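The values are calculated or read from the model by the stated rules, or taken from the named source; none is laboratory data. These numbers come from a predicted model, not from an experiment. Because the Cβ atoms are built from the backbone with ideal geometry, glycine has one as well, and the counts that use them run over all protein chains shown.
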Amino acid sequence: MLRARLLGGQLAEASRGELEMRPPVGPVNDASRRVVLDPDSQVQDALRTFFDTFGRTGSATATVRSSREQGPLFPRRLTSRAHKGEVVWGLLLHSRALRLLKNSRYTGTFVYERTLTRKLPGGRELRHQLPRGRWHTVILGAHPGYTSWEDYEQDLARLHENEQANGAERRKSPPVRDRHSCRAWRSVVTAASG
């Protein structure tokens, strides 16, 4: 009974966009518990550059490469241990770039219950991404963001196209040079057979 009441209160707060959730690096909660952009201009610049670069290149790999060329350090927020909540700087990894691009919080949108969590035997949890129509709450423009909702949707579509190009269906990928017509390949084959 108590659990149901707590969950009901949590869902009611989420429906109003008032449920306080830990933001990713970039947005922060101010003293009045509102979500604002991080006051650190270096963090803001790094994130704006990241989203601009992906918009220009359309590739997470190219965005990571560009980030490392411009200045190898990228911000992230620690989520555990003694320094929880602090921003540290390190290399931008491809997996982190994908998480940034798929996180709707960077658009200034409040979203609640995008995933369904099931407990498995042994204490493990299985998370399943819900389709957008089954998200509990979506409030556009709930706080300042680094990119627009429209750009976010385009970015997700581009990521999906890139996955298709690198997965089982390669027809959508750019043409790949025939390795047998490459002179370097022919010289390797000739050297190996001779």
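Here are a few things to note about the model shown:
- Restricting His128, His136, His143 to those that are touching a Ser or Thr at 6+ places or on another chain (Cβ under 7 Å), in contact (Cβ under 8 Å) with a residue 12 or more places away in the chain and not β-branched (Val, Ile, Thr) reduces the list to His128.
- Scanning the range 42-63 for residues that are hydroxyl-bearing (Ser, Thr, Tyr), in contact (Cβ under 8 Å) with a residue 24 or more places away in the chain and more than 21 Å from Val88 (Cβ to Cβ), we see that the one that is surrounded by the most Cβ atoms within 10 Å (Cβ to Cβ) is Ser59.
- Cβ-Cβ contacts under 6 Å between residues 6 or more apart (or on different chains), taken from a first residue in the range 76-97 that is more than 30 Å from Ala62 (Cβ to Cβ) to a second residue that is surrounded by 11 or more Cβ atoms within 10 Å (Cβ to Cβ), are listed as Lys84/Leu78.
- For the condition surrounded by 11 or more Cβ atoms within 10 Å (Cβ to Cβ) and either under 19 Å from Asn29 (Cα atoms) or within 16 Å of the chain's Cα centre (by Cα) (or both), Ser148 qualifies.
- Selection over the range 131-150 of residues that are over 22 Å from Gly9 (Cα atoms) and either of a type in the set (S, T, N, Q) or at pLDDT below 85 (or both) gives a count of 3.
- Matching residues in the range 10-29 - criterion: being modelled with pLDDT under 85 and among the polar types (S, T, N, Q): Gln10, Ser15
- Taken over the range 25-39, residues that are on the phi > 0 side of the Ramachandran plot and not charged (D, E, K, R) amount to 1.
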